[in-house]
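Colleague: This is the structure I want to talk about, given as structure tokens.
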Amino acid sequence: MRGTMMDFPLTLTPILVRAGKLFGAREIVSRMPDKSLHRTDYASFHRRSLALAEALTAAGLKRGDRIATLMWNHAWHLEAYFGIPVAGGVLHTLNLRLHPDDIAYIAGHAEDRFLIVDDVLLPLYEQFRAKHRFERVIVVPLTGKPVPAGTESYEDFLKSATGSYTPPVLDENDAAGMCYTSGTTGKPKGVVYSHRATVLHTFAAALADTLAVCQRDTVVPVVPMFHANAWGLPFTAVMVGAKIVFPGPHLAPEPILDLFQDEKVTMSAGVPTIWMGMLGAMQKNPGKWKTQPGLRMVVGGSAPPVSMIRDFDALGWRLIQAWGMTETAPLGTVCNLKANLADLSIDEQYAYRAKQGIPAPFVECRVFSEEGEAAWDGKTMGELQVRGPWVAGSYYRLDDPDQKWTDDGWFRTGDVATIDGDGYVKLTDRTKDLIKSGGEWISSVDLENMLMGHPGVREAAVIAVPHPKWDERPLAVIVREEGSSVSADDLRKYLEPKIAKFWIPDAFEFIDAIPRTSTGKFLKAELRDRYKGWKWA
């Protein structure tokens with residue numbers, strides 16, 4: 001027996017139409033390159049997104065064609081987020097922080113036909129334009145200057161639309177967007193998101209027990225729109241009709257704090273480095289910024305130390321940890337406290353909040369060790385594996401067979417984790433970053449978080465270096481807080497009461513900055529290369 005419900009495809013088109021009909025007056029604010037604020041609303045966004053879809057169709061867009069964007073976070077990029085897939089195209093966000101050669105490789109591998117690019121990013125485009133020829137280059141004139149010869153103005157492109165466009169009927173399994181992994185281990189790999197996966201992910205992100213985005217919110221996606229769809233926040237905010245405030249290219253702590261204050265922001269998302277900088281600015285200038293009570297900040301990309309969660313609590317902000325990957329669209333787990341944990345001590349609650357959280361609805365997680373599937377005991381480590389309706393089942397045009405999927409269809413994340421009896425996932429490392437010393441495993445992530453709890457430490461990265469007796473030992477690479485003179489001995493004494501003795505690093509290196517990937521994660525491969533010739537005294 002089958003149900004009697006309508007066969008209504010899950011595509012982005014109804015989300016766009018709903019936003020225009022129900023939330024037309026709701027604001028969309030963008031900080032421009034000159035730091036002025038551009039204000040528009042959902043009604044205009046709806047019209048312009050459809051105009052983009054019509055203009056692309058008239059320009060020869062065919063179903064499944066990839067349209068690249070090289071853009072910061074702003075209202076024009078939001079139009080591309082909807083206008084391209086609603087027309088049947090595939091939104092392909094290019095990561096502007098990558099090397100130009102990598103951008104050219106990705107655009108070529110994806111077979112991008114057109115490019116929509118901010119005028120302030122034209123110098124970057126010039127560095128790779130000869131390596132991938134786009135059929136048309138459409139320039140968003142953020143600065144108001146004329147666009148270069150051989151390109152066309154985005155605004156003129158939209159004016160070519162008649163305004164009577166009817167979007168095509170799409171299949172929910174059609175491609176809507178694609179992102180490429182950062183390529184820290186080999187060439188970047190493409191992940192193609194279907195309309196169905198994107199819509200289901202959007203619903204999940206709005207739930208009260210995940211990111212709790214609602215119409216009353218004012219949302220700032222600090223996480224770039226070229227990184228895993230800005231964690232889905234633009235789609236979710238549009239679906240519920242939240243006010244959206246885009247920071248543009250201004251990601252320093254002070255401009256973001258100004259936005260938080262002036263626009264009465266209630267929810268945001270970004271990587272730990274962003275929040276560290278903002279925390280430091282507020283601590284140096286107490287009382288300078290008045291923000292909304294209970295402001296929620298989602299943190300992902302890497303785990304924040306407990307000390308950061310505590311410090312933000314003291315300021316009246318709530319840091320919510322989430323975990324995901326490009327391959328999970330990206331929402332995998334979110335850390336909110338379950339009702340049965342409400343009576344725990346404050347310290348016990350913080351220990352839970354430092355975990356990556358429980359799986360989002362429809363995302364299934366398991367941990368696999370050498371002995372097979374691990375028990376949910378919070379102790380047994382193994383590789384975290386996931387599956388679900390917005391988890392990738394393959395990479396796009398992968399030349400060589402990939403071992404990222406198990407024979408029974410689970411995605412192998414490469415993260416090492418434990419899962420406790422309440423279902424909370426705790427990442428202990430990447431498989432390549434675990435340290436095995438004398439046959440015992442040491443978690444570099446746990447060590448880093450403990451070290452960053454010291455008031456004299458701004459950042460800490462821990463890597464394995466070969467050891468003649470113990471196979472590997474941890475080396476801690478430390479960035480001191482401004483004005484701090486913390487020493488290796490100070491840090492050893494700080495760690496002694498907190499962890500097993502064999503976990504304590506035998507060596508500490510103090511540097512000015514830790515190298516990072518384009519998405520803000522520690523680039524440990526570079527550190528391992530830098531210290532590969534380490535000699536023990």
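Values quoted throughout were computed directly from the atomic coordinates according to the rules given, and no laboratory measurement underlies them. Note that the structure is predicted; figures quoted are calculated from it, not measured. Methodologically, a virtual Cβ is constructed for each residue, glycine included, from the backbone with ideal geometry; neighbour enumeration extends over all protein chains shown.
Colleague: Through the Karplus equation 6.51 cos²θ - 1.76 cosθ + 1.60, θ set to phi - 60°, convert the phi angles of segment 420-426 into ³J(HN,Hα) values in whole Hz; use x for Gly and Pro.
Modeller: Computed from phi, the couplings for segment 420-426 are 8, x, 8, x, 7, 7, 10 Hz.
Colleague: Over the chain, what is the percentage of antiparallel beta bridges among all DSSP beta bridges, to the nearest 5? List each step's numbers first, then the result.
Modeller: Working: 48 of 86 bridges.
Taking every DSSP beta bridge with both residues in the chain, the antiparallel ones total about 55 percent.
Colleague: Over the chain, calculate the relative contact order: mean separation of alpha carbon pairs under 8 Å at least 6 apart, over the residue count, as a percent. Can you show the working numbers first?
Modeller: Numbers: 1108 pairs, mean separation 55.0, N = 537.
Contact order relative to length: 10 percent.
Colleague: Same structure, new question: Starting from 0.36 nm per residue, how many nanometres of slack lie between CYS214 and GLU364 once their C-alpha separation is accounted for?
Modeller: 51.5 nm
Colleague: As a footprinting exposure proxy, order GLU135, GLU54, GLU509 by other Cβ within 10 Å, with the fewest listed first. Walk me through the numbers before you get to the answer.
Modeller: Values: GLU135 11, GLU54 23, GLU509 16.
The most exposed by this proxy come first: GLU135, GLU509, GLU54.
Colleague: Sticking with this structure for a sec: How long are the semi-axes of the equivalent ellipsoid of segment 432-537, taking √(5λ) for every eigenvalue λ of the Cα gyration tensor, in whole Å from largest down? Walk me through the numbers on the way to the answer.
Modeller: Numbers: eigenvalues 78, 60, 33 Å².
Over the Cα atoms of segment 432-537, the ellipsoid semi-axes are 20, 17, 13 Å.
Colleague: Another question, if that's okay. When a footprinting reagent is the concern and you count Cβ atoms within 10 Å, what order do LEU200, LEU211 take, fewest first?
Modeller: Details: LEU200 19, LEU211 26.
Final ranking by Cβ density, sparse to dense: LEU200, LEU211.
Colleague: Follow-up question, since we're still on this one. Of PHE522, VAL425, GLY24, which is farthest on the positive side of the dipole of the chain, counting Cα position, with +1 on Lys and Arg Cβ, -1 on Asp and Glu Cβ, and the Cα centre as origin?
Modeller: GLY24
Colleague: So for the pair ASN173, TRP470, with labels modelled 7 Å out along Cα→Cβ, what separation do we get in nm?
Modeller: 5.2
Colleague: Hey, what number do you get for the chain at 222 nm if only DSSP H runs of n ≥ 4 count, each worth -39500 (n - 2.57), divided across all residues, to the nearest 500? Walk me through the numbers on the way to the answer.
Modeller: On the way: 15 runs with 144 residues, N = 537.
Dividing the helical sum by the residues of the chain leaves -8000 deg cm²/dmol.
Colleague: Excluding ILE504 itself, calculate the net charge of residues whose Cβ lies under 11 Å from the Cβ of ILE504, where each Lys or Arg counts +1 and each Asp or Glu counts -1.
Modeller: On the way: positive: ARG473, ARG492, LYS493, LYS498, LYS501; negative: GLU496, ASP506.
Residues near ILE504 contribute +3 overall.
Colleague: Could you estimate the translational diffusion coefficient of the chain from the Stokes-Einstein equation, with Rh from the Kirkwood formula over C-alpha pairs, at 20 °C and 1.002 mPa s, in whole µm²/s? All intermediate terms of the calculation are to be shown ahead of the outcome.
Modeller: Values: Rh = 24.3 Å.
Calculated translational D: 88 µm²/s.
Colleague: Also, quick follow-up: Show me, bin by bin at 10 Å from 0, the whole-percent P(r) of segment 93-186 based on Cα pairs.
Modeller: 13, 38, 33, 14, 1
Colleague: I need the peptides 447-457, 476-486 ranked by packing, meaning the mean over residues of other C-beta atoms within 10 angstrom, with the highest value on top. Write down the numbers at each step before the final one.
Modeller: On the way: 447-457: 20.6, 476-486: 16.3.
So the order, starting with the most tightly packed, is 447-457, 476-486.
Colleague: From the phi angles alone, apply the Karplus equation (6.51, -1.76, 1.60; θ = phi - 60°) to segment 221-238 and give each ³J(HN,Hα) in whole Hz, x where the residue is Gly or Pro.
Modeller: For segment 221-238, the Karplus-derived couplings read x, 6, 4, x, 5, 8, 10, 6, 6, 6, 6, x, 4, x, 5, 5, 4, 5 Hz, x marking Gly and Pro.
Colleague: How big is the gap, in Å, between the Cα center of segment 459-482 and the Cα center of segment 157-226?
Modeller: A separation of 39 Å, based on Cα centres.
Colleague: Further question on the same structure: Summing Lys, Arg as +1 and Asp, Glu as -1, what charge do residues with Cβ under 14 Å from the Cβ of MET267 carry, MET267 excluded?
Modeller: Working: positive: ARG216, LYS243, LYS264, ARG296, ARG318; negative: ASP217, GLU263.
Charge balance near MET267 sits at +3.
Colleague: Let me ask something additional. Starting from the Cα coordinates of segment 13-195, work out the convex hull volume and express it per residue in Å³. Before the final figure, lay out each step's value.
Modeller: Values: hull volume 21.5 nm³, N = 183.
Dividing the Cα hull volume of segment 13-195 by its residue count gives 118 Å³.
Colleague: If I model a spin label at ARG133 and ASP258 as a point 7 Å from the Cα along the Cα→Cβ vector, what separation in nanometres do I get?
Modeller: With each label placed 7 Å out from Cα toward Cβ, I get 4.4 nm.
Colleague: Going by average Cβ neighbours within 10 Å, how do the peptides 109-120, 163-174, 373-384 rank, with the highest at the top? Before the final figure, lay out each step's value.
Modeller: Values: 109-120: 21.2, 163-174: 14.2, 373-384: 16.7.
Descending mean neighbour count gives 109-120, 373-384, 163-174.
Colleague: Another question, if that's okay. Could you check the simple spin-label distance between THR162 and ALA342, using points 7 Å along Cα→Cβ, in nm with one decimal?
Modeller: In this crude spin-label approximation the distance works out to 5.9 nm.
Colleague: Per-residue counts of other Cβ atoms within 10 Å, averaged by peptide: what ranking do you get for 141-152, 311-322, highest first? Don't jump to the answer; show the numbers that get you there.
Modeller: On the way: 141-152: 13.0, 311-322: 17.8.
By packing density, highest mean first, the sequence is 311-322, 141-152.
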